[in-house]
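Enquirer: Below is one structure. I have some questions about it.
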Amino acid sequence: DSGVTQTPKHLITATGQRVTLRCSPRSGDLSVYWYQQSLDQGLQFLIQYYNGEERAKGNILERFSAQQFPDLHSELNLSSLELGDSALYFCASSVKTHDRARGELFFGEGSRLTVL
Amino acid sequence: GQNIDQPTEMTATEGAIVQINCTYQTSGFNGLFWYQQHAGEAPTFLSYNVLDGLEEKGRFSSFLSRSKGYSYLLLKELQMKDSASYLCAVRDRRRGAGSYQLTFGKGTKLSVIP
């Protein structure tokens, strides 16, 4: 158990719909990362938040948005869903206090999204 | 941009040794990670290298050469439970970016056979 909690574990929805994925980081971790993993693309970095502020952006579509709340949990919103959005969405957290810190990511179990 | 290459699949025999290579191209390098991911599960951290050389941790070792943009993960005394995907990930700071990013390779699927 990594200490990172993601809900829901599975989600089936239709094209055009909107879903929200939720993540609670490990106690004490200020950084939250969202990754998308599909069969042919591997783990793709979407976005990072640090203590409530957006810190880095990766290959996140405009239809997707995220935020981190004062209690440090994060939500990833996916809208106007397309078939190609079907994937496993991972949240990860880390604490990295200085440049030399290891700062490895601790991943949640993921939310498997199926768009029909 | 980031470019991380590792073999797609490898097969090895139980009890043997296997080496999984990873090459990368980046600037602002700040560390290389190896993660293990069993099918349908979350990736879990295995090792971290930021300086050149070998880091050993039990049956697993990881090596880094920053000048060559090269790393390998060495698994000894293979067990059936080691069948998984092994992900190489590079942390770097992009030009103009205020934060480090961790970019993953597509992973190497290792099958351990009896």
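Enquirer: Kirkwood Rh over alpha-carbon pairs of chain A, then Stokes-Einstein at 37 °C and 0.692 mPa s: what D in µm² s⁻¹, rounded to an integer?
Expert: 231 µm²/s
Enquirer: To the nearest 100 Å², how much accessible surface do chains B and A hide from each other in total, with a 1.4 Å probe?
Expert: It comes to approximately 1800 Å² buried between B and A.
Enquirer: With a 1.4 Å probe and every protein chain kept in, tell me what percent of the accessible surface of chain A is carbon plus sulfur.
Expert: Ligands and nucleic acids excluded, carbon and sulfur give 47 percent.
Enquirer: Count charges around A:Gln68 for me, please; just the other residues with Cβ under 13 Å from its Cβ, Lys/Arg as +1, Asp/Glu as -1.
Expert: Summing Lys/Arg as +1 and Asp/Glu as -1 gives -3.
Enquirer: Given the C-alpha centroids of segment A:38-116 and segment B:24-39, what is the distance between them in whole angstrom?
Expert: Spelled out, the Cα-based centre of one part sits 17 Å from the other.
Enquirer: Over chain A, what is the mean sequence separation of C-alpha contacts under 8 Å (at least six apart), divided by residue count, expressed as relative contact order in percent? Before the final figure, lay out each step's value.
Expert: Details: 291 pairs, mean separation 42.4, N = 116.
Relative contact order here is 37 percent.
Enquirer: Would you calculate the volume per residue, in Å³, of the smallest convex hull containing every Cα atom of segment A:54-113?
Expert: Normalising the Cα hull of segment A:54-113 by residue number yields 113 Å³.
Enquirer: Order B:50-62, A:15-27 from most to least packed using the mean count of other Cβ atoms within 10 Å.
Expert: Result, highest mean Cβ count within 10 Å first: A:15-27, B:50-62.
Enquirer: A further question on this structure: Excluding same-chain residues fewer than 8 positions from B:Lys109, which lysines have a Cα within less than 16 Å of its Cα?
Expert: Those lysines meeting the cut-off are B:Lys81.
Enquirer: Continuing with this model, one more query. Note the direction-averaged projected area, equal to a quarter of the hull surface, for the Cα convex hull of the protein assembly as shown, in nm². Could you put the intermediate results ahead of the total?
Expert: Working: hull surface 50.0 nm².
Average projection, Cα convex hull of the protein assembly as shown: 12.5 nm².
Enquirer: May I ask you to give the solvent-accessible area per residue for chain A, in square angstrom, as obtained with a 1.4 angstrom probe?
Expert: Values: 5810 Å² over 116 residues.
Heavy-atom SASA per residue in chain A reads 50 Å².
Enquirer: Leaving out same-chain residues fewer than 8 places away, which aspartates and glutamates sit with a Cα under 13 Å from that of A:Lys9?
Expert: A:Glu109, B:Glu41
Enquirer: Residues with beta-carbon under 11 Å from that of B:Phe60, excluding B:Phe60: net charge, scoring Lys, Arg +1 and Asp, Glu -1?
Expert: Computed value for this residue: -1.
Enquirer: According to a simple spin-label model (label point 7 Å from Cα along Cα-to-Cβ), what is the distance in nm between A:Thr15 and A:Arg63?
Expert: Taking the simple label geometry, A:Arg63 and A:Thr15 are separated by 0.9 nm.
Enquirer: Next question, about the same structure. Shielding by partners for A:35-43, please: the mean number of other protein chain Cβ atoms within 10 Å of each residue's Cβ.
Expert: 4
Enquirer: Please give the average number of partner chain Cβ atoms lying within 10 Å of the Cβ of each residue in A:5-11, rounded to a whole number. Don't jump to the answer; show the numbers that get you there.
Expert: Details: counts 0, 1, 0, 0, 0, 0, 0.
Whole-number average of other-chain Cβ neighbours for A:5-11 is 0.
Enquirer: Also, I was wondering about something else. Using a 1.4 Å probe on the protein chains only, how many percent of the accessible area of chain B belongs to carbon and sulfur?
Expert: Here carbon and sulfur together make up 48 percent of the probe-accessible area.
Enquirer: Checking the cross-link filter: which aspartates and glutamates have an alpha carbon closer than 17 Å to that of B:Lys76, excluding same-chain neighbours under 8 positions apart?
Expert: Leaving aside aspartates and glutamates fewer than 8 places away in the same chain, those within reach of B:Lys76 are B:Glu14, B:Glu55, B:Glu56.
The values are calculated or read from the model by the stated rules, or taken from the named source; none is laboratory data. These figures come from a predicted structure and were not determined experimentally. Glycine gets a Cβ as well: all are built from the backbone with ideal geometry, and neighbour counts include every protein chain shown. These accessible areas exclude ligands, DNA and RNA; they are computed on the full protein's heavy atoms, side chains included. Shrake-Rupley method; radii C 1.70, N 1.55, O 1.52, S 1.80 Å.
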